[in-house]
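Okay, structure first, notes after.
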Amino acid sequence: NPYAGLVSHLRASWLSGKTRPMEYRVAQLEALGRFLDDKKQEILEATELDMGKPSFEAFFTEILLCKNELNITLNNLSSWMKDEYVDKNLVMQLDSAFIRKDPYGVVLIIAPWNYPIHLFLVPLIGAIAAGNCAIIKPSEISKNTERLIAEMLSCYLDNDCFAVVTGGVPETTRLLENKFDYIFFTGSPPVGRIVMTAAAKHLTPVTLELGGKNPCYVSDTCNVANVARRVAWGRFFNAGQTCIAPDYLLCTVEMQDKLMPALREAITEFFGPNPQESPDFGRIVSDKQFKRVQRLLGSGRVAIGGQTDEAERYIAPTVLADVQPSDPAMQEEIFGPILPIVVIANMDEAIDFINARPQPLVVYAFSCDSKVVNQVLERTSSGGFCGNDTLMHVTLTSLPFGGIGNSGLGKYHGKFTFDTFSHHRGCLHRNMGLETLNSPRYPPYTQQKLGLLTTTFEVKRRGTCTLL
C-alpha cells in the first residue's frame, strides 16, 4: 500500500508520546493560526479560482470562523484536558474515580470541496487539541485550494505528526485500506457508506458529516420580507453549495404568492438586476456539478431566475414554484442556487412531509408565533434546528454540529470537536490498604455479606413530592 509507510511513521510519532504534552498541542494550534494569517490572501484567491467564492464569504467562513474555533480551543484547552472526577459510592470514598481524555492515535480527516479550508481545519483543530497525529485528505475538486494546503501546511505543522495526502477516488480508496484510529469524513451519504464500510474492516470509529434535503417551513404568520431575505441569503450563499442551506420551502399557496415578489426583491437587493455581473455571487465548482444542478431546473415552473452560462458555470439565483414531490429537484440534495417551493395545506401536513423523508442535517421553521416554531422543533428529527433564520446556528461553537441518520453520525465544533477526537477513558485508582472494606464481596458468600454489599452499593431513587 502506497500510504502504509506514512501511516506507520505517524504512528511511531504518536507512540513516542510527542503529541501528548499541552505545550506541544498549543504550539501546533498556534502554527495553524499563523497559517491562516500568513496565507489569508492565498486562501481568498484559491477559493475564488475554484468556485468564484466572493472574498466576503470566503473570509467569513474559511478564515474568521476557523480563527474563532482556534481561539475557543486555545482559551479552554487546559480545562478540557483535565481529568474529570466523578461521583463514588460508599466503598470508594477514599479512592479516585475519573475520566481521562486520551487521544485516539492516528486519525484521518477527509474534507469536501465546498468549504475546503474550514471543513478540514476545524476537525484538525480538535484532533491536535486532543493529542492525535493526523492525515488530511483535501478534496481534489477544489484543486487550487488542494494545492495550497498540500504545499503550505507542511511549512507550519510538525511533519512527523501531520501529513497531507492529495488525489482522487483511487488514492482515497488506497488510503482507506490502512488502519486508522479514527476517521472524520465530510461529504455525501453514498461516499459516507463507503468510508464506513472501510472503517468497519478495522473496527475504526467514525464521524460522518453528510448532507440531505433540509426543509424550511414558512407559516402564514410571519414577516414576509424578513423571511425572504434570510432564506435567500442562506440558499444563495456560496452559490447554494452549502450542506446546511435550506433545500426547499414548505408553505401554503397563499404564502407562496406573498413570498415570490419578496424573494425577487431580496435577490435584486443582494445581487443587482443581473446576478451574473455581481461580485457577490459565486459559481458552481465543476462542469459535472454544473450539469447536475442544471438538470434540476426542469422541476415545477421557474418563477425567478433560471438563466445559465455553461462557460462560466453560472446558474442564476432561481426559485421554482409549484414543485411536486416527484420532481427531480426533490429527489436529491440540490447543492446549488435553486430554491423549490412545495405547496402544503398547513403546518401538520408540512411536518408529515418532513417526517416521511430521511432525517435532514437541519430543519428550518419561520413564524411570528413561537408556538409554531416549537411545534416543528418538537415533532421533527434532524441534526440541528434553526428557527426564524438560516445558517446562523453553525456560527455558535457552543452548539454541537452534526447529522442524524442519513445526514450523518457524530458531532463537532468547539469542545465537541475535542471530545470527538478524545477517547473518554473511565479510570478508578484504589487505595492499596483498607482491605476490610473489600471483604463483603469475597467468597464464601453469606446473606450477611449480601446485606452489607447492598447497603454500600445500592443506588436509591430520590423521593418525589407533589405540591397540591
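The values are calculated or read from the model by the stated rules, or taken from the named source; none is laboratory data. Keep in mind the model is a prediction, meaning the values are calculated, not measured. For neighbour counting, all protein chains shown are included, and Cβ atoms are generated from backbone atoms with ideal geometry for every residue, glycine included. To get the accessible areas, we keep the full protein, side chains included, count just its heavy atoms, and leave off ligands, DNA and RNA. Shrake-Rupley method; radii C 1.70, N 1.55, O 1.52, S 1.80 Å.
Inter-label distance, residue 159 to residue 371: 6.6 nm, where each label sits 7 Å from its Cα along the C-beta direction. For the stretch 55-174, averaging the sequence separation of C-alpha pairs within contact (under 8 Å, six or more residues apart) and dividing by the residue count gives a relative contact order of 22 percent. Ranking 273, 251, 353 by Cα position along the charge dipole of the stretch 215-381, where only Lys, Arg, Asp and Glu carry charges on their C-beta atoms, puts 273 farthest toward the positive end.
Using the rule -39500 (n - 2.57) for each DSSP H run of four or more residues, divided by the residues of the chain, the 222 nm mean residue ellipticity is -12000 deg cm²/dmol. Note on residue 411: lysines with a C-alpha under 25 Å away, same-chain residues under 8 apart excluded, are 67, 82, 101, 137, 179, 201, 213.
Relative to the longest principal axis of the Cα atoms of the chain, the long axis of helix 370-379 makes an angle of roughly 60 degrees. For the stretch 215-381, the solvent-accessible area with a 1.4 angstrom probe is 40 square angstrom per residue.
Among 166, 73, the order of accessible area from largest down is 166, 73, computed with a 1.4 Å probe on protein heavy atoms.
Which aspartates and glutamates does residue 288 reach when only Cα atoms under 16 Å apart count, and residues fewer than 8 places away in its own chain are ignored? Here the aspartates and glutamates satisfying the reach criterion relative to residue 288 are 50, 140, 309, 310, 312, 332, 333.
In this structure, the amide hydrogen of residue 363, modeled 1.01 Å from its nitrogen in the peptide plane, lies closer than 5 angstrom to those of 384, 385, 386, counting only residues at least 5 positions away or on a different chain. Bridge orientation summary for the chain: considering DSSP beta bridges with both residues in this region, about 35 percent are antiparallel. With contacts taken as Cα pairs under 8 Å and at least 6 residues apart, the stretch 215-381 reaches a relative contact order of 32 percent. The apolar share of the surface of the stretch 215-381, taken as the fraction of accessible area on carbon and sulfur atoms (1.4 Å probe, ligands and nucleic acids excluded), comes to 48 percent. Percent of Cα pairs in the stretch 215-381 per distance bin of 5 Å, from zero to the largest separation: 1, 9, 19, 23, 21, 14, 7, 4, 1, 0.
Each DSSP beta bridge with both residues in the stretch 215-381 is either parallel or antiparallel, and the antiparallel ones are about 30%.
If you line up the long axis of helix 65-81 against the longest principal axis of the chain, both from Cα atoms, how many degrees apart are they, to the nearest 10? Helix 65-81 and the main axis of the chain meet at about 10 degrees.
Nearest 20 debye, what's the magnitude of the dipole of the chain about its Cα centre given +1 on Lys and Arg Cβ and -1 on Asp and Glu Cβ? Value, rounded to 20: 1700 debye.
Once the Cβ-Cβ distance of residue 442 and residue 96 is raised to the sixth power relative to R0 = 25 Å, the FRET efficiency obtained is 0.65. For the chain, the relative contact order is 19 percent, taking Cα pairs closer than 8 Å that sit 6 or more residues apart in sequence and dividing their mean separation by the residue count.
Round to the nearest 10 and give me the degree value, 0 to 90, for the angle of helix 40-51's Cα axis relative to the longest principal axis of the chain. For 40-51 against the chain, the angle is about 60 degrees. In the list (1) 217; (2) 163; (3) 198, the label attached to volume of the Cα convex hull per residue in Å³ as derived from the coordinates here is (3). Applying 1/(1 + (r/R0)^6) with R0 = 22 Å to the Cβ-Cβ distance of residue 89 and residue 464, what FRET efficiency is obtained, to the nearest 0.05? Once rounded, the FRET efficiency stands at 0.45. Backbone amide hydrogens, once placed in the peptide plane, bring residue 408 within less than 5 Å of 210, excluding anything fewer than 5 places away on its chain.
Mind giving me the FRET efficiency for residue 346 and residue 456? R0 is 60 Å, r the Cβ-Cβ distance, nearest 0.05 is fine. Approximately 0.55, to the nearest 0.05.
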